[in-house]
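The values are calculated or read from the model by the stated rules, or taken from the named source; none is laboratory data. These numbers come from a predicted model, not from an experiment. Virtual Cβ from ideal backbone geometry, glycine too; neighbours counted across all protein chains shown.
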Amino acid sequence: MVTVAEKMRAKQALTGAEAVAHAMRQIEPHVVAAYPITPQTPIVEYFAQFVADGLVKTEMIPVESEHSAMSAVVGAAASGARAMTATSANGLALMHEVVYITASMRLPVVMPVVNRALSGPINIHCDHSDSMAERDSGWIQLYAENNQEAYELTILAVRLAESEEVRLPVMVCLDGFILSHGVEPLEIYPDDQVKNFVGEVKPYYPLLDTSHPVTYGPIDLYDYYFEHKRQQIEGMKGAKRLFPAIAQEFEKAFGKRYDFVERYRTDDADCVIVALGSTNSTIKYAVDWMREEGQKVGLLKLWTFRPFPKEEIRKALDGKKAVVVLDRAASFGAEAPLYEAVKSSLYNAAHRPAMGSYIYGLGGRDIRPEDIRKAADDALKGELNADEQMYLGLRE
């Protein structure tokens, strides 16, 4: 039993990168292969120091590119090892081919992704264009609001990825610089508690089991490819089924509750804002500000983007007067990715709300409470148009 005093002693002021590196230290994967890229680099630097200091027995592999990093992790995971890496933006794009291969081979790799804008022009600051580019790759995607969540979701992701019903890789997304380099007080749980929660990896069809030889990565034409894609679909359905049970175990072990979504002051809200990542903290401030003035505004925060929590979103938003979706990524020639998915979720709602799509914060541009208020004010005034793309903080 961990006492309150012990918990308080465990509180530390850490960046998100440090927090994720500590989670990796406690998970102690057999193999980490990585290549530095801003703003992910500190995760690997901190973890490499843990390895150098003898605090973990991980085999640390410095490679020549992100493509090689993911390739090395694929080989390790296929052998039966617990394997991890981390990346950002252009590094994730360079991994693109092997990102799909990892999911297709049903390898339970966990990868923190420090969100950064994809080139060009070159930009090192936060938006979600990198992880959104991989949303159909077959990876589970979790989004953290703050450093505590980045730490905890990295731990939770291991159990989800390695579950027999799932066997899919997981991206733990945290906003670049805002979280990765921002310092927050957070609680680091005792090492033994984390190790007990993640448990030992159970290999399925490992390459090193020479008494039961298997092949990974053969050519797979029309005779079986379709069936293998269907198996991945079922694996993602398994993640949807299993996530609540794993989240419940996490709450029992650590006292923190996770779900597909978090409702913040939504019960009586006329207008609900939907978003991913660190912006949810700013939205909560704006919601409280508007509530003080008697305006019924709430927030629906998504922890999971894949599997997409369609039923949970419909339940939370059905019957609301207006829904505002904030995207930190654009989908050129189509609706913004989060907005498109939320809008689709409400197709069968009994009482569809008015909807508005706002793109914000591309390339790291700040999102201010006043910007969020503007979007909510538009909604409350009945000025939303479901087919019009709108923007916050943009110089037109």
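Looking at segment 239-294, which of its residues are assigned to a helix (DSSP H, G or I), in contact with a Lys or Arg (Cβ under 6 Å, 6 or more places away or on another chain) and surrounded by 14 or more Cβ atoms within 10 Å (Cβ to Cβ)?
Matches in segment 239-294: Ile246, Asn280, Ala286, Val287.
Any chance you could count how many residues in segment 195-236 are more than 19 Å from Ile101 (Cα to Cα) and either of a type in the set (A, V, I, L, M) or in a helix (DSSP H, G or I) (or both)?
6
If a residue must be under 17 Å from the mean Cα position of the chain (by Cα) and among the β-branched types (Val, Ile, Thr), how many such residues does segment 224-265 contain?
2
List the number of the failed condition for Glu340; all other conditions in (1) surrounded by fewer than 19 Cβ atoms within 10 Å (Cβ to Cβ); (2) in a loop (DSSP other than H, G, I, E, B); (3) out of contact with any Pro (no Cβ under 7 Å at 6 or more places or on another chain) hold.
Result: Glu340 passes all but (2).
Out of the residues in segment 302-328 that are basic (Lys, Arg) and out of contact with any Gly (no Cβ under 9 Å at 6 or more places or on another chain), state the one that is surrounded by the fewest Cβ atoms within 10 Å (Cβ to Cβ).
Restricting to residues being basic (Lys, Arg) and out of contact with any Gly (no Cβ under 9 Å at 6 or more places or on another chain), the top hit is Lys315.
Could you tell me whether Ala157 is in contact (Cβ under 8 Å) with a residue 12 or more places away in the chain, on the phi < 0 side of the Ramachandran plot and surrounded by 21 or more Cβ atoms within 10 Å (Cβ to Cβ)? Step through it out loud before you land on a result.
Values: in contact (Cβ under 8 Å) with a residue 12 or more places away in the chain: yes; on the phi < 0 side of the Ramachandran plot: yes; surrounded by 21 or more Cβ atoms within 10 Å (Cβ to Cβ): yes.
Here the answer is yes, as Ala157 does meet what is asked.
Looking at Ala316, Ala286, can you tell me which residue is aliphatic (A, V, I, L, M) and under 25 Å from Met171 (Cβ atoms)?
Ala316 is the lone residue from the list that is aliphatic (A, V, I, L, M) and under 25 Å from Met171 (Cβ atoms).
What strands (runs of 3 or more DSSP E) completely inside segment 107-184 contain at least 3 residues that are in contact with a Ser or Thr (Cβ under 8 Å, 6 or more places away or on another chain), outside the structural domain of Val32 (by TED's automatic domain parsing) and not acidic (Asp, Glu)?
none
Which one of these is outside the structural domain of Asp127 (by TED's automatic domain parsing), closer than 30 Å to Lys195 by Cβ and in contact with a strand residue (DSSP E or B) (Cβ under 7 Å, 6 or more places away or on another chain): Leu326, Leu302?
Leu302
What do you reckon, is Pro353 crowded, with 21+ Cβ neighbours inside 10 Å and either of a type in the set (A, V, I, L, M, F, W, C) or under 22 Å from Met236 (Cβ atoms) (or both)?
When the stated conditions are applied, Pro353 does not pass them.
Mind checking which residues of segment 364-384 are within 29 Å of the chain's Cα centre (by Cα), surrounded by fewer than 19 Cβ atoms within 10 Å (Cβ to Cβ) and either outside the structural domain of Asp327 (by TED's automatic domain parsing) or assigned to a loop (DSSP other than H, G, I, E, B) (or both)?
Within segment 364-384, Arg365, Asp366, Arg368 qualify.
Restricting segment 74-100 to residues that are β-branched (Val, Ile, Thr) and within 19 Å of the chain's Cα centre (by Cα), which is farthest from Glu227 (Cα to Cα)?
Here is the first cut: in segment 74-100, the residues β-branched (Val, Ile, Thr) are 74, 85, 87, 98-99.
Then keep just the ones that are within 19 Å of the chain's Cα centre (by Cα); that gives 85, 87, 98-99.
Details: Thr85: 29, Thr87: 31, Val98: 20, Val99: 20 Å.
Ranking the candidates gives Thr87 first.
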